[in-house]
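To keep things clear, I will list the structure first and then write my remarks on it.
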Amino acid sequence: MPRHFIFVLALLLLAAAPARADEAETARTAHWFEQSRQSQPLLRNFLQRMPKGADLHSHLSGAVYAETYLKLAAEAGWCVDTAKLQFAAPPCREGDVPAANLPSTSYGAMVDHMSARNVEFSGHTGHDQFFATFATFGPISGLPGSTVPMMAEVADRAAGQNVQHLELMVTWQSGAVRKLGAVLPWSAEADFAKHRQWLLDHGLLDLVAAGRHDIDAFDATYQQAQGCGTATAAAGCAVDVRWLQQTTRTGPPEQVFAQLVYAFELAKADRRVVGINLVAPEDDPVALRDYLLQMEMVGFLSRQSPGVKVALHAGELNLGLVPPDQLRNHIREAVLVAGAKRIGHAVDIGFEDNAADTLKTMRERGVAAEICLTSNDVILNVKGTAHPFPTYLAAGVPVVLASDDEGVSRIDLSNEYLRAAQTYHLDYRKLKQLSRNSLEYSFLPGASLWQDGILGIPIAACAKDSIGAAKASQGCYTFLSKNEKASQQWHLETAFDQFEKLPEWNPALPHGQF
């Protein structure tokens, strides 16, 4: 049977095989969605309530809103240099204003300075304004104890949109790992095996132990602050949170390599760290110079530790931001050289050599594209028909919607679903599929609920069950208890079952009534 026919058949099966027996409820909900398509308020409310699985591409510090950073600064007694729009450590110097007493004009200016809220009036490109925000709120996000309220905000917001799983990019033990990398005797031939062993012999595993201790301490403090496990637990307690240990791609090779070795070792040692990523502007001169070298580093470490999952920012570029020759290979090398399982942004696919072959490889290997529509608009000015989102869908490449830095962009994940629905006329079933994709291509441990990644066809142990029901058969229950990914997928189907049975989607109601 020709491979193309098999692929088309798989798509038809995906669309035709519901995970639940009650297709009537899905059809009713889909009908309401189409009838309400012209009302953005109704559509927004619908998508806010719709179960959305996971947000797989989110930077914790960038997900926090500027107002929270101002609140944290005030609580810590910090000051604001209102002329430079920068935070200043206490005590306040002449000309500084306590963050707790900022006048409204300065408060608003700081919010603008830490976000893309009024980027058109910032005097900067969206790209420069976006990335500059991290330096502004960095002193506050780095304060001891800030991570807990930051995480609480992000998790509570996710819960309020029926997002059940987060994979957040953070950097545990960042300073200590960079310090170790700075003294790594780096050789011109880049002997990765020798350099890795040197790091292991000179204290890197002690830093892994320290990183695990940091995560333990965070977990304990977060659970207490949120009241998790009590009758007054915050909504965010219900959201499953995992970490992607990030490496900054703009440093010298020895420091980048040290960070990557650390990330892989931490992911191997702690199940709460489900993978690794490379961050910072891809168009940075150092990142461009060392791009292939860094992909080779990741590929080498992936072969050493094949159980560690890799997600990479690749192709977050556009014509004009970099010379044309820098647009021709980043996604392909992230897939073929580094062995990434997910590609963040993947915007410049239209400029790449062998783009059709790269799309085919991503489809066949199940390499997902993490689509961040608002971020790509703000940073790269890529939107509408210029965005490759429909290209990935048409090519059969797995796609997930993600927020990137929702605090900086002043959005949430529901906004990205709304934008996808309105810009690309996606119907309810397609949006539901994107939600399912987010768990299918998560880095959660264990097997999938679905056969061969074809969503809608359950694995044999659960084939006779009503997927998402309150009770599973003994064989299915045993399978779910051993596989976290499948368990989360079952939970998502339960949420969809409940969502689609809401009386609001009754066609007998006047259009638009809730």
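Using the structure shown, decide if ASP219 is touching a Phe, Trp or Tyr at 6+ places or on another chain (Cβ under 8 Å), among the acidic types (Asp, Glu) and under 21 Å from GLY142 (Cβ atoms). Judged against the criteria, ASP219 is not a match. In the set LEU426, LEU413, LEU401, LEU434, only one residue is under 16 Å from the mean Cα position of the chain (by Cα) and surrounded by fewer than 23 Cβ atoms within 10 Å (Cβ to Cβ); that residue is LEU434.
Among the residues of this structure, LEU492 counts as one that is at pLDDT 95 or above and either touching a Gly at 6+ places or on another chain (Cβ under 6 Å) or surrounded by fewer than 21 Cβ atoms within 10 Å (Cβ to Cβ) (or both). Taking the stated definitions as given, is ALA15 outside any loop (DSSP other than H, G, I, E, B) and modelled with pLDDT under 95? In short, yes. Is one or more of the residues making up the stretch 426-442 charged (D, E, K, R), within 29 Å of LYS268 (Cβ to Cβ) and modelled with pLDDT under 95? Taking every residue of the stretch 426-442 in turn, none turns out to be charged (D, E, K, R), within 29 Å of LYS268 (Cβ to Cβ) and modelled with pLDDT under 95. Apart from one condition, PRO144 fits all of (1) without any contact (Cβ under 8 Å) to a residue 60 or more places away in the chain; (2) part of a loop (DSSP other than H, G, I, E, B); (3) under 19 Å from LEU380 (Cβ atoms); the exception is (3). Is it true that some residue in the stretch 450-470 is β-branched (Val, Ile, Thr), on the phi < 0 side of the Ramachandran plot and crowded, with 22+ Cβ neighbours inside 10 Å? So far as the stretch 450-470 goes, yes, one or more of its residues are β-branched (Val, Ile, Thr), on the phi < 0 side of the Ramachandran plot and crowded, with 22+ Cβ neighbours inside 10 Å. The condition (being assigned by TED's automatic domain parsing to the domain that holds LEU336 and farther than 19 Å from ALA210 by Cα) is satisfied by just one residue among VAL298, VAL273: VAL298.
Quick one: would you say SER481 is of a type in the set (Ser, Thr, Tyr), assigned to a helix (DSSP H, G or I), over 21 Å from the mean Cα position of the chain (by Cα) and farther than 24 Å from ALA158 by Cβ? Yes.
Condition check: in contact with a strand residue (DSSP E or B) (Cβ under 6 Å, 6 or more places away or on another chain), within 30 Å of VAL298 (Cα to Cα), part of a strand (DSSP E or B) and at pLDDT 95 or above. Does LEU260 satisfy that? Considered against the rule, which asks whether it is in contact with a strand residue (DSSP E or B) (Cβ under 6 Å, 6 or more places away or on another chain), within 30 Å of VAL298 (Cα to Cα), part of a strand (DSSP E or B) and at pLDDT 95 or above, LEU260 comes out as no. When ASP283, ASP325, ASP290, ASP353 are checked against the criterion of being acidic (Asp, Glu), buried (at least 17 other Cβ atoms within 10 Å of the Cβ) and farther than 21 Å from GLU189 by Cβ, ASP283 stands alone in meeting it. I need the full set of residues from the stretch 169-210 which are among the aromatic types (Phe, Trp, Tyr) and touching a strand residue (DSSP E or B) at 6+ places or on another chain (Cβ under 9 Å), in order please. Hit for the stretch 169-210 is TRP172, nothing else.
Conditions tested, residue by residue: (1) modelled with pLDDT of 95 or more; (2) within 23 Å of the chain's Cα centre (by Cα); (3) not in a loop (DSSP other than H, G, I, E, B).
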| site | (1), (2), (3) |
| --- | --- |
| GLY181 | yes, no, yes |
| GLN197 | yes, no, yes |
| ASP214 | yes, yes, yes |
| PHE218 | yes, yes, yes |
| ALA233 | yes, no, no |
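Restricting the first residue to the stretch 468-492 and requiring it to be touching a residue at least 24 places away in the same chain (Cβ under 8 Å), which pairs with a second residue that is hydroxyl-bearing (Ser, Thr, Tyr) and not in a helix (DSSP H, G or I) meet a Cβ separation below 9 Å and a spacing of at least six or different chains? Pairs that qualify, where the first residue is touching a residue at least 24 places away in the same chain (Cβ under 8 Å) and the partner is hydroxyl-bearing (Ser, Thr, Tyr) and not in a helix (DSSP H, G or I), are ASN483/SER448; LYS485/SER442; LYS485/SER448; ALA486/SER448; GLN488/SER442; GLN489/SER448. In summary, LEU166 fulfils each of the numbered conditions (1) free of Cβ contacts under 8 Å to residues at least 12 places away in the same chain; (2) in the same structural domain as GLY251 (by TED's automatic domain parsing); (3) touching a strand residue (DSSP E or B) at 6+ places or on another chain (Cβ under 9 Å) with the single exception of condition (1).
The values are calculated or read from the model by the stated rules, or taken from the named source; none is laboratory data. Note that this is a predicted model, so its numbers are computed, not measured. Because the Cβ atoms are built from the backbone with ideal geometry, glycine has one as well, and the counts that use them run over all protein chains shown.
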